[in-house]
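Down below is the structure, laid out as C-alpha cells.
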Amino acid sequence: MSRIVHLNGDWLPEAEAKVSVFDRGFLMADGVYEVTSVLGGKLIDFEGHCRRLDRSLRELGMGNPHSDAEWLALHREIVARNGVEDGMVYLQVTRGNPGDRDFAYPPEGTPQTVVLFTQSKPGLADSPAAKTGWRVISIPDQRWARRDIKTVQLLYPSMAKMAAKAAGVDDAWFVEDGTVTEGTSNNAYIVAGGKIVTRQLGHDILHGITRAAVLRLAREAQMEVVERAFTLDEAKAADEAFITSASAFVMPVVEIDGTALGTGKPGPVAQRLREIYIEEMRKAAV
Ligand code: PMP
C-alpha cells in the first residue's frame, strides 16, 4: 500500500517525496518531531502535541512553520487522504537545506523541511500486549542532556531497543545515577505503597503528552501521584509498573531485569489507568 505523504506543502505518493542530501535533518539530526495517535479517525490529545512541538522548536532557535490551526488541518487531511482509522501521524520539522554541510546554522529565512506521514495500526487500542504486560531490561542512560527536546537524534534509544530485543524482552529502561529516567520511547512509572511514582519533569526526560494526561486523570480519580526519581531497586521491589506514550497509551510492565513485579501480571492501577485514559481520550479526540 502506497501512502500519500506531505512534504513542504505538497501531497505526494511516498515514493515521490524526496529530501535533499544536504538537509540538516539528514546530516546533523537537526530536527524535531511529534507523533499523534489516531483512534476512530480522530486525533488524540492534539493540542498537547502542538504545544510541545512549539516548545521543541523554540528551544532549538527554530521558528514554527505553521499555526496550530494549520497543523490541525494538515493532520486531518493526511488522516483522510490515507483513510486511517487507527494509527498515528508522524510529523517532522528540520532546519532545512542550506545547500552545503556546515556546523553553523543556515541564514535566517532558510526554508524548513516539513514532513508528515501516517502509520495505520488497526486495533491500536486493543493491543494484546496490554493483557500480558511488557518485560523490560535496564540499560545505562547515555543520551545527551536535553532529552526534554523531542529531536530526531534517536540512535541511542534505537541501540537500547536492540539490546532489549537481543535479551528477548519488550523494551529497556534507562538508568542514570541509580535512578530510572524513562523508557526508550516512553515515560516510566512504578506503583508502591498505593502511590504512583514517576520522575519529575526536567531536562533529563521527555515531557510526555500522555504522561500529563494520565497524571491528571489519576489525580481526578483520587489516586495519589508522587513526582520524584525512583531507583532501579525500588522499581524491582514495586507492586506494579507501567509506561506511557502516545502510541502505547498506558502499558503495564510486569518484569524488570528478570525480576517479576507483584504477581507477574498487569497490575490493577495500570489496567485502570489504561481504561480511563483510552475512554477519556476517545471522548476528547478531534
Ligand atoms: N520519553 C521518550 C524518550 C519518548 O520518545 C516518548 C515518546 N515520544 C515519551 C517519553 C512519551 O511521550 P508521549 O507521551 O508524548 O508520546
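The values are calculated or read from the model by the stated rules, or taken from the named source; none is laboratory data. Predicted model, so just to flag it, every value in this text is computed and none were measured. All Cβ positions, glycine included, derive from the backbone under ideal geometry; neighbour counts span all protein chains shown. In case anyone asks, the SASA skips ligands and DNA or RNA and just uses the protein heavy atoms, side chains included. Shrake-Rupley method; radii C 1.70, N 1.55, O 1.52, S 1.80 Å.
On alpha carbon coordinates alone, what is the Rg over Rh value for segment 4-124, Rh being the Kirkwood radius? Write down the numbers at each step before the final one.
Working: Rg = 14.6 Å, Rh = 14.9 Å.
Reported Rg/Rh, Kirkwood definition of Rh: 0.98.
When the convex hull of the C-alpha atoms of the chain is computed, what volume per residue in Å³ does it have?
Working: hull volume 37.9 nm³, N = 286.
Convex hull of Cα atoms, per residue: 132 Å³.
Any chance you could look up the accessible area of Leu43 with a 1.4 Å probe, heavy atoms only, rounded to 10 Å²?
Rounded to the nearest 10, that gives 0 Å².
Could you give each residue of segment 248-259 its phi-based ³J(HN,Hα) in whole Hz, using Karplus coefficients 6.51, -1.76, 1.60 with θ = phi - 60°, and x for Gly or Pro?
The phi angles translate into 9, 6, 10, 10, x, 10, 10, 8, 10, 6, x, 8 Hz.
Straight-line reach from Lys165: which lysines have Cα under 30 Å away, leaving out those fewer than 8 places along the same chain?
Qualifying lysines at Cα under 30 Å: Lys121, Lys131, Lys150, Lys236, Lys265.
May I ask for the distance between the Cα centers of segment 62-104 and segment 241-267, given as a whole number of Å?
32 Å
In whole percent, how big is the carbon plus sulfur part of the accessible area of the chain, probe 1.4 Å, protein atoms only?
Numbers: 7030 of 13270 Å².
The computed percentage sits at 53.
Could you give the angle, 0 to 90 degrees to the nearest 10, between helix 68-81's Cα long axis and the longest principal axis of the Cα atoms of the chain?
It works out to around 90 degrees.
Enter the accessible area per residue of the chain (Å², integer; probe 1.4 Å; all protein chains in place). Could you put the intermediate results ahead of the total?
Details: 13270 Å² over 286 residues.
So the chain comes to 46 Å² accessible per residue, rounded to a whole number.
Among the chymotrypsin sites (Phe, Trp or Tyr not before Pro) in segment 165-204, which ones are in a DSSP loop with at most 10 other Cβ atoms within 10 Å of the Cβ? Mind listing them?
Working: sites: Trp173, Phe174, Tyr189; in loops: none.
Taking segment 165-204 and a limit of 10 other Cβ atoms within 10 Å, no loop chymotrypsin sites (Phe, Trp or Tyr not before Pro) are found.
How far is helix 155-166 tilted, in degrees, relative to the longest principal axis of the Cα atoms in the chain, given as a value from 0 to 90 rounded to the nearest 10?
That works out to roughly 50 degrees.
Rounded to the nearest 500, what is the chain's calculated 222 nm mean residue ellipticity when only DSSP H runs of at least 4 contribute -39500 (n - 2.57) each, over all residues?
On the way: 8 runs with 83 residues, N = 286.
Estimated from H runs of four or more residues: -8500 deg cm²/dmol.
Between 0 and 90 degrees, rounded to the nearest ten: what's the tilt of helix 209-220 against the longest Cα principal axis of the chain?
Orientation of helix 209-220: about 40 degrees from the principal axis.
Taking 4 °C and 1.567 mPa s as the conditions, I'd like the Stokes-Einstein D for segment 129-284 in µm²/s, using the Kirkwood hydrodynamic radius from alpha carbon pairs. Mind dumping the intermediate values first?
Details: Rh = 15.3 Å.
Once the numbers are plugged in, D ends up at 84 µm²/s.
Can you pull out the trypsin sites (Lys or Arg not before Pro) in segment 18-59 whose DSSP state is coil and whose Cβ has at most 15 other Cβ atoms within 10 Å? Write out the running numbers ahead of the final one.
Working: sites: Lys18, Arg24, Lys42, Arg51, Arg52, Arg55, Arg58; in loops: Lys18.
Within segment 18-59, the qualifying trypsin sites (Lys or Arg not before Pro) (loop, at most 15 other Cβ atoms within 10 Å) are Lys18.
Across segment 43-55, in residue order, what do the Karplus-derived ³J(HN,Hα) couplings come to in whole Hz, using 6.51 cos²θ - 1.76 cosθ + 1.60 with θ = phi - 60° and x for Gly and Pro?
8, 9, 6, 4, 4, x, 5, 4, 4, 5, 4, 4, 5
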